[in-house]
Each structure stands twice: as C-alpha cells, then as structure tokens.
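First the structure, in the form of structure tokens, and then the observations on it.
The values are calculated or read from the model by the stated rules, or taken from the named source; none is laboratory data. Keep in mind the model is a prediction, meaning the values are calculated, not measured. FYI the Cβ positions are ideal-geometry reconstructions off the backbone, even for glycines, and counts take in every protein chain you see.
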Amino acid sequence: MTGKQRYFIELSYDGSNYHGWQIQKNAVSVQEVLNEKLSVVLRQTIETTGCGRTDTGVHAREFFAHFDAEGLMVDGSWFMDYTNLIRSINSILPKDIAVKRLFPVAANANARFDATLRTYEYHIHFNKDPFKNGYSWELRDRPDLDLMNRAAEIIKEYTDFSCFSKSNTQVKTNICKISTAVWEINDDGIIFRISADRFLRNMVRAIVGTMIMVGKKEIEPEAVRHIIESKNRSNAGVSVPACGLYLTEVRY
C-alpha cells in the first residue's frame with residue numbers, strides 16, 4: 001500500500017497529570033504526549049484528532065483518536081507484528097497513558113464527528129479513602145438519591161444545556177440529546193452515569209453540582225427545570241472537582 005492510511009487508536013488515561021486531552025500552549029496534554037510518542041515509534045510526524053476534549057484532571061477509560069500514517073500496512077497486512085507495535089508504543093508512553101488497539105479505517109472516518117454516543121461517569125465516596133484520592137470526590141454527607149434521580153429524569157426532557165456550559169466556548173450549538181442519566185449506589189459511594197450524542201465543556205460537572213444541591217435539599221428537583229430553561233450558567237450549581245469524572249464509552 002502506498003500513500004497514507006487513516007487509523008483509529010483506542011487508549012485510556014489517568015488525567016491527573018494532564019491539562020486535558022487537547023494540546024495547550026503552556027501545559028502538558030494527553031494529545032501532545034501521544035503525538036510525540038507515536039511519531040517516535042512510527043518514524044514520521046503524527047497528529048491525532050480525538051473523539052472529544054476532556055478537561056484538566058478528567059480521566060478516560062475509553063478514548064478514541066484518529067491519525068494518518070504511511071507504511072504501517074502492506075497489502076492489507078501489518079508491516080510490523082501488531083502485538084509488538086502496540087507494546088512498542090506503550091513502552092515509551094508514560095504509565096498513565098495506555099494504548100489498547102490500533103486499526104485501519106476509511107479515509108474519511110473521523111474519531112470526533114463520527115461518534116454517535118459518549119458516556120461519562122462521576123464517582124463520589126463518603127468515607128476517607130487514600131486509594132480513592134484523586135479518582136473520586138469525597139463528600140461528607142450522603143445526599144438523597146431518590147431526589148437526584150427525579151432531577152436526572154427531568155434533564156432528559158431537554159436538549160438546550162446552555163446553563164451547564166462553560167462560558168465563552170467556541171461551539172456553534174448548545175444542543176445535546178441525553179439518552180441516559182441515572183444515579184446508582186456503588187460500594188461506599190454513588191455514581192452518576194450519563195450518555196448523550198455530545199457534551200459541552202464542563203457540562204457533566206455542572207450537572208452533578210446542581211444535582212448535589214437537589215440531593216442536599218437546597219433546591220427541589222423541579223427547580224432543575226427552571227435552571228435549564230433560564231439558559232444561564234450562574235443559575236446552576238458549581239462545577240464539582242474533575243477527579244471524579246471518567247469518559248467510559250464512545251460509540252460509533
């Protein structure tokens with residue numbers, strides 16, 4: 001095969017040491033590190049495009065990116081043993097980034113725009129646990145899960161989530177279609193799971209912050225309806241810490 005071929009790469013990462021996925025001018029990002037290491041192993045300049053942009057400190061259990069490269073496959077077969085190729089990439093990546101798969105796709109396949117669903121989880125625990133520090137948000141008092149699930153049902157009725165979006169973003173629309181929004185008990189804590197076709201910057205953390213207000217009985221579940229309809233970020237709750245947020249699934 002001659003010319004460049006497009007590939008999807010699946011990875012996971014601990015976002016604690018990174019300023020999100022996307023390349024930043026004065027901060028280290030996951031994308032920057034991945035581009036650098038792929039370029040070394042594949043011996044050509046590699047520029048990846050991710051399935052989304054996770055914020056500073058946010059983790060990803062499943063993340064996809066695409067890139068174009070020459071010479072990885074010849075007549076439909078890998079030029080280098082596939083297992084050794086993945087091992088070589090992982091061997092020079094930091095321990096908090098791991099590549100799972102690499103596979104060829106159509107020339108017009110796009111990791112960002114072809115994704116049809118993304119799922120995030122937000123993890124909260126209630127008792128001090130050194131092994132959850134940095135990977136879950138410690139909350140002192142248990143909120144009312146039933147009230148929070150009533151609020152979660154309400155947000156599924158809406159599509160315009162301007163009230164949960166970070167200000168001054170460069171997106172063309174704040175419309176998102178949420179298919180799943182539910183709180184569940186998990187060991188010593190609770191998990192919020194939310195799926196949608198797309199997410200706005202800071203959206204999940206703002207939703208969680210608002211629902212915690214509901215769970216603490218500071219506002220009624222129905223108040224979430226008025227917050228969403230206001231389209232005003234200042235009416236919603238504070239953004240909860242990034243450490244508890246995980247991108248867990250991306251579907252195409």
- [ ] Could you check Ile191 against (1) buried (at least 21 other Cβ atoms within 10 Å of the Cβ); (2) over 15 Å from Arg118 (Cβ atoms); (3) under 17 Å from the mean Cα position of the chain (by Cα) and say which number it fails?
- [x] (1)
TODO: Confirm whether Ile97 is outside the structural domain of Tyr246 (by TED's automatic domain parsing) and modelled with pLDDT of 95 or more.
DONE: yes
Open item on the list: Please go through region 155-171 and give me each residue that is within 20 Å of Val240 (Cα to Cα) and either in contact with a helix residue (DSSP H, G or I) (Cβ under 8 Å, 6 or more places away or on another chain) or surrounded by 16 or more Cβ atoms within 10 Å (Cβ to Cβ) (or both), ordered by number.
Closed with: Ile155, Phe161, Ser162, Cys163, Phe164, Ser165, Lys166, Ser167
Open item on the list: Take the residues in region 1-16 that are outside any strand (DSSP E or B) and in contact with a His (Cβ under 8 Å, 6 or more places away or on another chain); name whichever of them is farthest from Ala106 (Cα to Cα).
Closed with: Ser16
Task: Which listed residue is within 23 Å of the chain's Cα centre (by Cα) and either in the same structural domain as Glu157 (by TED's automatic domain parsing) or among the hydroxyl-bearing types (Ser, Thr, Tyr) (or both), from Val214, Val240 - done: Val240
- [ ] Being surrounded by 18 or more Cβ atoms within 10 Å (Cβ to Cβ), touching a strand residue (DSSP E or B) at 6+ places or on another chain (Cβ under 8 Å) and either hydroxyl-bearing (Ser, Thr, Tyr) or in a loop (DSSP other than H, G, I, E, B) (or both) is the filter here, so list the residues in region 17-51 that pass it.
- [x] Trp21, Ile46, Thr48, Cys51
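Quick grid of which residues meet (1) at pLDDT below 95; (2) surrounded by 15 or more Cβ atoms within 10 Å (Cβ to Cβ); (3) assigned by TED's automatic domain parsing to the domain that holds Tyr13:
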{"site": "Arg140", "(1), (2), (3)": "yes, no, no"}
{"site": "Arg150", "(1), (2), (3)": "no, yes, no"}
{"site": "Thr173", "(1), (2), (3)": "yes, no, no"}
{"site": "Ser230", "(1), (2), (3)": "no, no, no"}
Task: The lone exception for Val204 - which of (1) in a helix (DSSP H, G or I); (2) under 29 Å from Trp21 (Cα atoms); (3) free of Cβ contacts under 8 Å to residues at least 12 places away in the same chain it fails - done: (3)
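Right, Leu247: touching a residue at least 24 places away in the same chain (Cβ under 8 Å) and either part of a strand (DSSP E or B) or surrounded by fewer than 17 Cβ atoms within 10 Å (Cβ to Cβ) (or both) or not?
yes
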